[in-house]
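S.K.: One structure coming up, written as structure tokens, with questions to follow.
The values are calculated or read from the model by the stated rules, or taken from the named source; none is laboratory data. This one's a predicted model, so the numbers in the text were calculated from it and none came from an experiment. Cβ placement follows ideal geometry from the backbone for every residue including glycine, while neighbour counts extend to all protein chains displayed.
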Amino acid sequence: MRVLGIESSCDETGIAVYEAGFGLRAHCIYSQANMHSEYGGVVPELASRDHVRKILPLIQQTLCEANVDKKSLDGVAFTAGPGLVGALMVGASVARSFAWALGVPALGINHLEGHLLAPMFEKEPPDFPFLCLLVSGGHTQIVLVKEIGRYSLLGESIDDAVGEAFDKTAQLLKLGYPGGPALANIAERGDSERYRFPRPMLNREGFDFSFSGLKTSVITAYKKLPDEQMEQEKSHIARGFEEAVVETLVTKTQRALEAAQVDRLVVAGGVAANKRLRAAMIRMADMSRINVFFPRFEFCSDNGAMIALAGCLRLMAGQSDTLEIRTSARWPLLSLQPLA
Ligand code: KG4
Ligand code: ZN
């Protein structure tokens, strides 16, 4: 089965062709980050309009790079949620119409399911069950993945998602948008001992997170500085913030692995690209005899490949949508159907 995947939930237009038995034929990503950087964050209306502009040329380019004719597609998968409703509607309308014109099934895919299946592209993909730490701009969740579509939520952020905390802290430090990679970059030069920010909720039971208090501590520390020191202290503050986030994520994940008694861990979503987080997770996994899996860097952030893959698995199991164009700004993983 050969599937076209379309991702348009936020500020990336992602298109891919995935084929069962072959793998990924091609994928293209267009990022709107430059356009949104002027405003310090994603402007939903601009995002939708840019998806409209880019989606058809990008589909053409991906089919061309995959060297496949559109008539050879067996299905079209698209991100149906969670995400920005206008942006989702662009991908969903194009996907649904394209599938109808080709006479093939279309299927709306949950974006979070796409993220947690992204390590499946690697040479040694994880077997089920595994625990997934899903860390993106919109979500921070610890999910037990029994199999595709059978998920249990062990913990989540009660306020800001971790990517959002990175972005907001970066905005405070005037590092531009998207903030996560920029903050991680200057943290490289920072002294890890200079600022010790709180490790939120570590002394509480359970696997929930909270990042808004940490953000406030960073703001307070930064605003206390005399003007002439602000610039030189940025990298140390960034490093202190990153250390606090990483330690919190690693400690809670380790506890969840013990409680769930699974020895496989997937770390996925945009923040999984963070090098310090990856290194700390690998150290923890080595000590706890856990196998840890990450998507390759380009598949941590939003992309069409993960949607095409999830779509192919579900379409092969016989699932498909009606002609109705279905999107959902909120769509919890727990409400998904198992594969068969
Ligand atoms: O998964 P994703 O592309 O979009 C959502 O589904 O939200 O995640 C984007 C988030 C942004 O908040 C971005 O700042 C963060 O991932 N991010 C990072 C890094 N690269 C991306 N955060 C920390 N370190 C990074 N290297
Ligand atoms: Zn995402």
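S.K.: Listed residues Y30, Y18; which is more than 22 Å from T169 (Cα to Cα), among the aromatic types (F, W, Y) and away from ligand 1 (no atom under 15 Å from the Cβ)?
M.R.: Working: Y30 fails: away from ligand 1 (no atom under 15 Å from the Cβ).
Just a single option satisfies the conditions, and that option is Y18.
S.K.: In region 61-91, what residues are under 19 Å from R314 (Cα atoms) and either of a type in the set (S, T, Y) or more than 19 Å from the chain's Cα centre (by Cα) (or both)? Explain how you work it out, then say what you get.
M.R.: Of the residues in region 61-91, the ones under 19 Å from R314 (Cα atoms) are 72-82, 91.
The answer is S72, L73, D74, G75, V76, T79.
S.K.: State which residue pairs qualify: first residue assigned by TED's automatic domain parsing to the domain that holds C132 and inside region 262-285, second residue of a type in the set (G, A, S) and within 16 Å of ligand 2 (Cβ to nearest atom) in any location, beta carbons under 6 Å apart, and separation of 6 or more residues or different chains.
M.R.: Pairs found: A268/A118; G269/S136; G270/S136; G270/G137; G270/G163; G270/S301; V271/G163.
S.K.: Ok, one more. Criterion first (more than 16 Å from ligand 2 (Cβ to nearest atom), surrounded by fewer than 20 Cβ atoms within 10 Å (Cβ to Cβ) and among the β-branched types (V, I, T)) does V85 satisfy it?
M.R.: On the way: more than 16 Å from ligand 2 (Cβ to nearest atom): no; surrounded by fewer than 20 Cβ atoms within 10 Å (Cβ to Cβ): yes; among the β-branched types (V, I, T): yes.
Spelling it out, it is not the case that V85 is more than 16 Å from ligand 2 (Cβ to nearest atom), surrounded by fewer than 20 Cβ atoms within 10 Å (Cβ to Cβ) and among the β-branched types (V, I, T).
S.K.: Here's something else I'd like to know. Looking at A182, is it more than 16 Å from ligand 2 (Cβ to nearest atom), farther than 24 Å from L336 by Cα and without any contact (Cβ under 8 Å) to a residue 40 or more places away in the chain?
M.R.: Numbers: more than 16 Å from ligand 2 (Cβ to nearest atom): yes; farther than 24 Å from L336 by Cα: yes; without any contact (Cβ under 8 Å) to a residue 40 or more places away in the chain: yes.
When the stated conditions are applied, A182 passes them.
S.K.: Which of the residues belonging to region 100-127 are more than 14 Å from ligand 2 (Cβ to nearest atom), in contact with a Ser or Thr (Cβ under 9 Å, 6 or more places away or on another chain) and either outside any loop (DSSP other than H, G, I, E, B) or of a type in the set (D, E) (or both)?
M.R.: Result: A106, L107, G108.
S.K.: Further, regarding this structure: Identify all residues within region 251-275 that are under 23 Å from P178 (Cα atoms) and surrounded by fewer than 18 Cβ atoms within 10 Å (Cβ to Cβ); write none if there are none.
M.R.: Filtering region 251-275 for residues under 23 Å from P178 (Cα atoms) gives 267-275.
Within region 251-275, K275 is the sole residue that qualifies.
S.K.: Scan region 208-220 and tell me whether some residue there is aromatic (F, W, Y), more than 16 Å from ligand 2 (Cβ to nearest atom) and not in a helix (DSSP H, G or I).
M.R.: Initially, region 208-220 is screened for residues aromatic (F, W, Y), giving 209, 211.
Adding the requirement that they be more than 16 Å from ligand 2 (Cβ to nearest atom) leaves 209, 211.
Now narrow it down to the ones that are not in a helix (DSSP H, G or I): 209, 211.
Yes, that holds for at least one residue.
S.K.: Which one of these does I325 not meet: (1) surrounded by 14 or more Cβ atoms within 10 Å (Cβ to Cβ); (2) within 15 Å of the chain's Cα centre (by Cα); (3) not small (G, A, S)?
M.R.: (2)
S.K.: Follow-up question, since we're still on this one. Restricting to region 286-302, and then to whatever is assigned to a helix (DSSP H, G or I) and touching a residue at least 24 places away in the same chain (Cβ under 8 Å), can you tell me which residue is surrounded by the fewest Cβ atoms within 10 Å (Cβ to Cβ)?
M.R.: Going through region 286-302, the residues assigned to a helix (DSSP H, G or I) turn out to be 286-288, 297-299.
Among the residues that remain, those that are also touching a residue at least 24 places away in the same chain (Cβ under 8 Å) are: 288, 297-299.
On the way: S288: 14, F297: 11, E298: 13, F299: 28.
Among residues in region 286-302 that are assigned to a helix (DSSP H, G or I) and touching a residue at least 24 places away in the same chain (Cβ under 8 Å), the one surrounded by the fewest Cβ atoms within 10 Å (Cβ to Cβ) is F297.
S.K.: Can you tell which of E243, E188, E231 is over 30 Å from L336 (Cβ atoms), out of contact with any helix residue (DSSP H, G or I) (no Cβ under 9 Å at 6 or more places or on another chain) and surrounded by fewer than 21 Cβ atoms within 10 Å (Cβ to Cβ)? So that I can check it myself, show each step before the final result.
M.R.: Numbers: E243 fails: out of contact with any helix residue (DSSP H, G or I) (no Cβ under 9 Å at 6 or more places or on another chain); E188 fails: out of contact with any helix residue (DSSP H, G or I) (no Cβ under 9 Å at 6 or more places or on another chain).
After applying the criteria, what remains is E231.
S.K.: Does region 221-239 contain at least one residue that is closer than 25 Å to L153 by Cα and within 22 Å of the chain's Cα centre (by Cα)?
M.R.: Of region 221-239, the ones closer than 25 Å to L153 by Cα are none.
Within region 221-239, none of the residues are closer than 25 Å to L153 by Cα and within 22 Å of the chain's Cα centre (by Cα).
S.K.: Only residues that are near ligand 1 (Cβ under 10 Å from one of its atoms), among the β-branched types (V, I, T) and outside any strand (DSSP E or B): list them for region 128-168, please.
M.R.: The answer is V162, and nothing else.
S.K.: Considering only region 39-62, state which residues are touching a residue at least 60 places away in the same chain (Cβ under 8 Å) and under 16 Å from A16 (Cα atoms).
M.R.: T62, the sole residue that qualifies.
S.K.: Could you grab me the full set of residues in region 321-338 that are in contact (Cβ under 8 Å) with a residue 40 or more places away in the chain and under 21 Å from I6 (Cβ atoms)?
M.R.: Across region 321-338, the qualifying residues are D321, L323, I325, R326, T327, S328, A329, R330, W331, L333, L336, Q337.
S.K.: Going through E12, E65 one at a time, which residue ends up being touching a residue at least 24 places away in the same chain (Cβ under 8 Å), closer than 15 Å to G114 by Cβ, surrounded by fewer than 23 Cβ atoms within 10 Å (Cβ to Cβ) and acidic (D, E)? Talk me through it step by step, then tell me what you get.
M.R.: Values: E65 fails: closer than 15 Å to G114 by Cβ.
When all the criteria are applied, what remains is E12.
S.K.: Collect the residues in region 142-197 that are touching a Lys or Arg at 6+ places or on another chain (Cβ under 9 Å), under 25 Å from D263 (Cα atoms) and not aliphatic (A, V, I, L, M), keeping them in residue-number order.
M.R.: Scanning region 142-197 gives G149, S152, G155.
S.K.: I've got another one for you. Enumerate the pairs (first residue in region 194-207 and touching a residue at least 24 places away in the same chain (Cβ under 8 Å); second residue anywhere and in a loop (DSSP other than H, G, I, E, B)) with beta-carbon separation below 6 Å, excluding pairs fewer than 6 apart on the same chain, so at least 6 apart or on different chains.
M.R.: P200/S210; M201/S210
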